[in-house]
């Protein structure tokens, strides 16, 4: 570069030197701008994936979530639709762990963040679901190979149906060791020991 400038005419030398100076300044500004853009994109990406302000680090967020979960009182809801994605984090950008294809299946709510609910299913899998994918209708799922459905809350009463494993039913009420469950056209009582979706000793009316 300098050898070229030294061989040029005086007027052109001044012009070329000025042009080189402007070019150097432009490159410096471009490089700085590029770094700033990358940093800003990184902050935005962090903000988008976590749903919080960029000034909150990932570690701080999960620490806060852990604190909330410790003080969170779990409760049960059920699936509103017959196809629902269980995601690895509280956002659509997180990958789906499972796709539930069971309308009304019960889920235990163990945490929340904005419009997302952290849930646990009857097999112990944990993930996140949008709150509008859930409903307050109480339901249970059969966890034993077979559970009898009786006319009254007693094994001495008439058995009206046999419920197989993974059958989902709507809970109408629970008392002591029994829950009244509606499965299709069958309405009867089943022992809660073979059902998942209700807390131990929980009474429903």
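What follows is calculated from the coordinates using simple rules that are stated; it is not laboratory data. Owing to the predicted nature of the structure, the values given are computational and were not obtained by experimental measurement. Positions of Cβ are generated from backbone atoms using ideal geometry, with glycine treated the same way; all protein chains shown enter the neighbour counts.
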Exercise for the section: Filter region 118-133 down to residues that are surrounded by 19 or more Cβ atoms within 10 Å (Cβ to Cβ) and assigned to a strand (DSSP E or B), then give me how many there are. Expected result: 5
Exercise for the section: Provide a single number: the residues in region 79-109 that are under 15 Å from the mean Cα position of the chain (by Cα) and not in a loop (DSSP other than H, G, I, E, B). Expected result: 13
Completion exercise
Filtering strands (runs of 3 or more DSSP E) wholly in region 135-205 for at least 1 residues that are in contact with a helix residue (DSSP H, G or I) (Cβ under 7 Å, 6 or more places away or on another chain) and surrounded by 18 or more Cβ atoms within 10 Å (Cβ to Cβ) gives 139-142, 146-150, 168-175, 178-183
